[in-house]
1. Among 296, 318, which is in contact with a helix residue (DSSP H, G or I) (Cβ under 7 Å, 6 or more places away or on another chain), within 30 Å of residue 248 (Cβ to Cβ) and modelled with pLDDT under 90?
2. Pick out the one residue from 116, 123, 107, 163 that is at pLDDT 90 or above, touching a helix residue (DSSP H, G or I) at 6+ places or on another chain (Cβ under 9 Å) and more than 30 Å from residue 276 (Cβ to Cβ).
3. Starting from residues that are in contact with a strand residue (DSSP E or B) (Cβ under 9 Å, 6 or more places away or on another chain) and open to solvent by 30 Å² or more (accessible area, probe 1.4 Å), keep the ones in region 273-293 and report whichever is modelled with the lowest pLDDT.
4. So for region 529-539 (the condition being buried (at least 22 other Cβ atoms within 10 Å of the Cβ) and modelled with pLDDT of 85 or more), does at least one residue qualify?
5. What is the residue count in region 542-571 for residues that are among the polar types (S, T, N, Q) and open to solvent by 60 Å² or more (accessible area, probe 1.4 Å)?
6. Taking region 433-484, which residues are open to solvent by 70 Å² or more (accessible area, probe 1.4 Å) and under 23 Å from residue 511 (Cβ atoms)?
7. Being aromatic (Phe, Trp, Tyr), outside any loop (DSSP other than H, G, I, E, B) and more than 30 Å from residue 450 (Cβ to Cβ) narrows it down to one of 322, 382, 405, so name that one.
8. Scan region 153-179 for residues that are surrounded by fewer than 18 Cβ atoms within 10 Å (Cβ to Cβ) and either in a loop (DSSP other than H, G, I, E, B) or touching a residue at least 60 places away in the same chain (Cβ under 8 Å) (or both) and jot them down.
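The values are calculated or read from the model by the stated rules, or taken from the named source; none is laboratory data. Keep in mind the model is a prediction, meaning the values are calculated, not measured. Note that we place each Cβ from the backbone using ideal geometry, even for glycine, and neighbour counts take in every protein chain shown. Surface areas here come from the heavy atoms of the whole protein model, side chains and all, with no ligands, DNA or RNA. Shrake-Rupley method; radii C 1.70, N 1.55, O 1.52, S 1.80 Å.
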Amino acid sequence: MRQARANGETELLQVYLRDLLENVHRTAPDVYEELKALAHAFGEDERARTAPAPRRTPDAAENSDAATNANTVSGGTFNDPVVLAGSITGGVHTYYAPPPHSSLPPVSEWPRLDEVDPIALGVRRTRRLPGESPLPPYVERDCDRELNARVREAALTGGLLMVTGAPLSGRTRTAWVALSAHLPGTTRVFAPPPGTDLRGLPAVLRGRSEEGCVLWLDDLEGHLGERGLTPALLADLVRLRVPVLATMDDKAYDTRRFGASGRAGVLSGTEPVELPSVWSEGELECLNTFDGDPRLRAAAVGRGAHTVPQYLAMGPELMEEWRRARRPDAHPRGHLLVRVAVDLARCGASRLSKHALRKGQELYPEESARAEAESFEDGLAWAVGIRHGVTGLLTPVPGEHPAVWVAFGSLVADAEGRPDTPPVSVAMWRFAFILAKGRAERWTVRWRAHEALAPLADSDPVIPILLGYINAVMGDFESAMNWYRKAAAAGHTGAAVTVGEMLVARDRAAEAIPYLRAGAEAGVVHAQYRLGRVLADQAESWLARAAEAGHPAATQELPALRAVTAIPLMPPRPSELFPAMVMREEDFLPRDAVPPADPDALSGRHPR
């Protein structure tokens, strides 16, 4: 361009300028708009400067200090960029130009490392119940050794250190722990929001005292570009021995580093520390050592197919969304379906089919009535919708057909840990035992039901009946008998009949008579039948003794009585044996999946 101007080649100069402006327009549109505004303002000023002087009117002669030129200031003073004037004539244009770079706070205003809240700097919060620390203890990752060494090096020489990983991989927490462990607590930390103009940062740092400084750029992709972290700025920071610790999403890094954006320069000078999403066996072993923190303990047990950081980070998000969804104008049906799944998991079962979800919501009549505004299908769609590309509140069990869902693990752990969470109803405990898949899961429900319900057995006669039923089905005759006796003593007729049946099955008919009589006198037809047969058996025994002793009437009546006792007993139906089961198993599961309720369970012949 200089050569073209020297040679007087104005057309070639115009071509050069046009190409330059087009390039600026394409690569830096904000700069182009500033140039355009300046050119427009300059044109207005030139037109005003070259315009002919206005004619003075006769009245203007009275103003002796009025100038006759096109642009005059009279009756005032000029103070830097401020004009204080009595009158201004001619073309007037006000120029305003912002400072070369946006103002940055001085180093003295940057927070100290030991005063910084990591959550405010991008570390995702986890569940925090009363008495819990803001974050759980940090679990060592395999990359920590390499990261720690590079942090120590950067603290001495400056330069960029970057941790990359997938969303919710824990990269920000990992980077923060390395930083806080290897830099003095007095180090000043500058963590600007994305888009901050960083071009003035070297000037700010040159005026600092002897305090150490670090630039923290979480999600580095928001700090790249001409006003952000550039190779030139990074070189200045290296000269000033200021470390830059950054994190970046894997996909964003690959796009910027290897894509066609043309901004790979600052990334190409350093090799990132990669943080895998899937934890190694060694990392999981470290996790299992933190028995003292309930959040980590719950993550080790309940994360399912998700990673530990996903479990910890998604917990508060899902809990808050679930809590707020109960409003009538939100997703009350979806909230209820998630509650069914959460309460089921609290009982020790977990898997819910679509049909079971429909039935389970009926156990919450008040909530179900308030959820009428939302359909079941809409509520289920909301509950299973994927959040943050990770999970829904209900997550599907892989390989199950038809579809089966479970509540996301952190929802269950958080619900159990909150003091305001309502207890699981007795009806849900029944439901959970029916839905429990396999003997091992039924044993889990049995154990948890005893822990939760046994202390309340004196206040609700239905509780000992339920515990009696669960133990009878599991083959624990003595425990079942004890719980049914407790309910019978409280006046529950159905429990008394069940105790009588269980004693008869154990060849303890004499003990069964008072219980069967209580049911028979209350009008329980099955108890009347069973009591009659028991008494008939006893009558036969005594008549046989009398006949053997030569009593003629006994000898005459004995054959008829023996004809009665020879008739096979009608087996009791499950509803007669287990009065706790006000719901029918077949309403919820195929028959082959129903927990056994056969007479063998009453006789105690099942192994414990």
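1. Unique residue meeting the criteria: 296.
2. Just one listed residue meets the conditions, 107.
3. Across region 273-293, the extreme among qualifying residues is 277.
4. Yes, the conditions are met somewhere in region 529-539.
5. 2
6. Once the filter is applied, which keeps residues that are open to solvent by 70 Å² or more (accessible area, probe 1.4 Å) and under 23 Å from residue 511 (Cβ atoms), region 433-484 yields 478, 482.
7. Selected residue: 382, the only one of 322, 382, 405 that is aromatic (Phe, Trp, Tyr), outside any loop (DSSP other than H, G, I, E, B) and more than 30 Å from residue 450 (Cβ to Cβ).
8. 156, 157, 167, listed by residue number.
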